[in-house]
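Written out below as structure tokens is the structure these notes cover.
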Amino acid sequence: MPKKPKTCKCGNMMTGRSTMCFRCAKTEQRIDDYTEHIKAEFQENQRSGVPLKTLSKHLARHHTILKALSWQQIQSRLQRERRRYEGWVKDAALARVDFSVIGTPPQLTGGDRLWQIQEAKSNDYLAEHLEADTRTIIHDSNLPIGICFVGDQHIGNEGSNHKLMREDANLIQQTPGMYAILGGDGWDNHIKHLAAIINAKSAPADQAKMFVYYVGLFKQKILAVISGNHEAWTKQMAGIDVLKMLIDHGTIVYSPHGLKLILRVGGQDYRVYVRHKTRFNSAMNTTHTIKQLYRFGDWPFDIGFRGDEHEADIEEFRAHGLMRWALRGGSYQILSEYGEMKGYPRPMPISPTIILYPGQRRIDAYSDLHKAVLPLRAARQEYQKAKNNL
């Protein structure tokens, strides 16, 4: 009669001289491994604060319980108990925290020190720039004055009419009561786009020197200057505002992106907003962008000027019960490879000009400097005659 096979207490068959089946043996080994692992962790973390009595009690209790569980239940229990042990370590560590030091002034190290430095920098920057774009220029004369908006000269570009540029600067300088506001892109300054850098016929440093010469042609007739995107490339690439360095000598008002000017002529204030770029640009309605600047902007102006697109235009429009002017400048760069390739119409090298009168709100606008010179001279003679007859 064959021998009856030995069975484990769990009902499974045992082989050879084993005292338990393979599954029970593996379970026992897992339990022993778990126990040794917990002991090793305890020895490595003797400073954890977990009492030895608590640990021993925990091991003894679970050594008995684990034998009665299935393999999957054992795996789940081991993971749960491991997290519980780790929680003991955290609780013990928290119990050792000295709460008496809480509330003492922190040392300026790391993030808090950097925060204080950055906060000081932000305060200085905002104080310098937040209101820097709004300036008041007082002209005490009781005679009309002219303001010519000159922009997009692109000095150094072969396609720019440098001769006309020089002649217009001389005309402004020689015309009594005529002044200029420069609207950006004074020199080509191609330092950003590789193709333009390769094809440039003059270096940006030479262009900047020519721009300084050009500014000198006006001889104190420049009221204000803003930067265009071409000058801004140096600021973007190197963090240096070269235009500010070139003209910042106290006699010319400057702001990088736009200027809100209050021109006081003989006691009458005129609000002039000058920008190189604006939103809502339209190829079908070129002055639309300036009218939208009035509607959606934060500063109601009497005259708004925009450059950049090389599309000259002027329009009088009504807003809030008053007639106002939208001006767009042309460009002295009458020929460019980019414009020819894209099919843009060639720009007109004209600069819109306004005449402002003292003592009354009266604005006369002209599409070009040359159209405004004779009316300005006539208006000043008329006012001078009336002044002499008093």
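The values are calculated or read from the model by the stated rules, or taken from the named source; none is laboratory data. Quick caveat, the model's predicted, so the values are computed rather than measured. Every residue, glycine as well, gets a Cβ built from its backbone with ideal geometry; the counts of neighbours run over all protein chains shown.
Structure notes:
The rows are residues; the columns are (1) touching a Pro at 6+ places or on another chain (Cβ under 7 Å); (2) within 23 Å of Ile138 (Cβ to Cβ); (3) assigned by TED's automatic domain parsing to the domain that holds Phe149; (4) not charged (D, E, K, R).
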| residue | (1), (2), (3), (4) |
| --- | --- |
| Lys201 | no, no, yes, no |
| His230 | no, no, yes, yes |
| Leu259 | no, yes, yes, yes |
| Arg275 | no, yes, yes, no |
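- From the options Ala180, Ala169, Ala205, residue that is surrounded by fewer than 16 Cβ atoms within 10 Å (Cβ to Cβ) and either touching a residue at least 40 places away in the same chain (Cβ under 8 Å) or assigned to a helix (DSSP H, G or I) (or both): Ala205
- Candidate set: the stretch 216-244, residues that are in a helix (DSSP H, G or I) and small (Gly, Ala, Ser); chosen: the one modelled with the highest pLDDT: Gly216
- Take the conditions (1) part of a helix (DSSP H, G or I); (2) touching a residue at least 12 places away in the same chain (Cβ under 8 Å); Tyr213 misses just one of them, which is (2).
- So Leu327, is it farther than 27 Å from Arg279 by Cβ, modelled with pLDDT of 95 or more and surrounded by 20 or more Cβ atoms within 10 Å (Cβ to Cβ): no
- Scan of the stretch 301-319 for residues that are surrounded by 23 or more Cβ atoms within 10 Å (Cβ to Cβ) and either in contact with a His (Cβ under 9 Å, 6 or more places away or on another chain) or in a loop (DSSP other than H, G, I, E, B) (or both), ordered by number: Arg306, Gly307, His310
- From the list Asp308, Asp302, the one residue that fits, being within 30 Å of the chain's Cα centre (by Cα), at pLDDT below 95 and farther than 21 Å from Val373 by Cβ, is Asp308.
- Qualifying positions in the stretch 245-289 - within 17 Å of Ile147 (Cα to Cα), in a strand (DSSP E or B) and under 27 Å from the mean Cα position of the chain (by Cα): Val253, Tyr254, Gly258, Leu259, Lys260, Leu261, Ile262, Arg271, Val272, Tyr273, Val274, Arg275
- Applying the condition of being more than 20 Å from Lys277 (Cβ to Cβ) and loosely packed, with under 13 Cβ neighbours inside 10 Å to the stretch 213-244 and asking which residue is nearest to the chain's Cα centre (by Cα) yields Gly239.
Residues checked against (1) assigned to a helix (DSSP H, G or I); (2) surrounded by fewer than 19 Cβ atoms within 10 Å (Cβ to Cβ); (3) in contact with a helix residue (DSSP H, G or I) (Cβ under 6 Å, 6 or more places away or on another chain):
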{"site": "Leu335", "(1), (2), (3)": "no, yes, no"}
{"site": "Arg346", "(1), (2), (3)": "no, yes, no"}
{"site": "Ser351", "(1), (2), (3)": "no, no, yes"}
{"site": "Ile354", "(1), (2), (3)": "no, no, no"}
{"site": "Asp364", "(1), (2), (3)": "no, yes, no"}
{"site": "Ala372", "(1), (2), (3)": "yes, no, no"}
{"site": "Ala378", "(1), (2), (3)": "yes, yes, no"}
{"site": "Gln384", "(1), (2), (3)": "yes, yes, no"}
{"site": "Leu390", "(1), (2), (3)": "no, yes, no"}
